Amino acid sequence: MTNKKLFVIFTIIMDMNADIEEQLKEISEHDSMESFRCVYYHYYNRLFSQALYYLNNNPDYAQEVVSDVFIAIWQSRKVLDKVSNPDSYFFIALKHAASRYIEKNYKKQTELLTENLPDYHASNTSTDTDLLDRELQDKYKAALEKLPPRCAEVFRLIREEHKKYSEVAEILGISTKTVDNQMNKAVRILYRELKENLFSVFF
């Protein structure tokens, strides 16, 4: 690509950014819905693509996170006139929103992970998938060993023996609230140990 073409592209980008800054100013100072729609259509596809990257190509999650970004931006619109780099502002907002979404849903994702772990004892083959399954099982077992004894016992009874909270409370002579607290503790620890594998089981 010649220097002349690069200069033309750079000029176009700068003009677009200047226009977006004007739109943000209109939103900030006049609550302009028309300007907000312009900004929305300008950024939506790019933010959605990046959200897919953060959320393992799940379009439902990505759509929800991008919607959260635009809602948050509208709610804080009075500060938009101070934004000097719109691209950076929007993509940093997206990164934070994706991080919050993952953190907010970690309990559900960890429970799904432990419920859907593959059983490599059921197969004697050695395909790439089977090797990955064994690796995941090994990580899961190592994570379980990091649970405190009572915490591990509660988790085993609920997840492996499918006991109800009330049944576990009766077996162990503790309250259902204590059972719930121990399960939450187990999930937090397992999330920390297995978070890199949260999506690999499902997609």
Efficiency of FRET from Cβ geometry, Asp87 and Glu145, R₀ 41 Å, rounded to 0.05: 0.35
Residues Arg150, Arg159, sorted so that the one with the fewest Cβ neighbours within 10 Å comes first: Arg150, Arg159
Residues Ile174, Ile20 arranged by fewest to most Cβ contacts within 10 Å: Ile174, Ile20
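Computed from the coordinates by the stated procedures, all read-outs in this text should not be read as laboratory data. Predicted model, so just to flag it, every value in this text is computed and none were measured. Cβ: placed from backbone, ideal geometry, glycine included. Neighbour counts: every protein chain shown.
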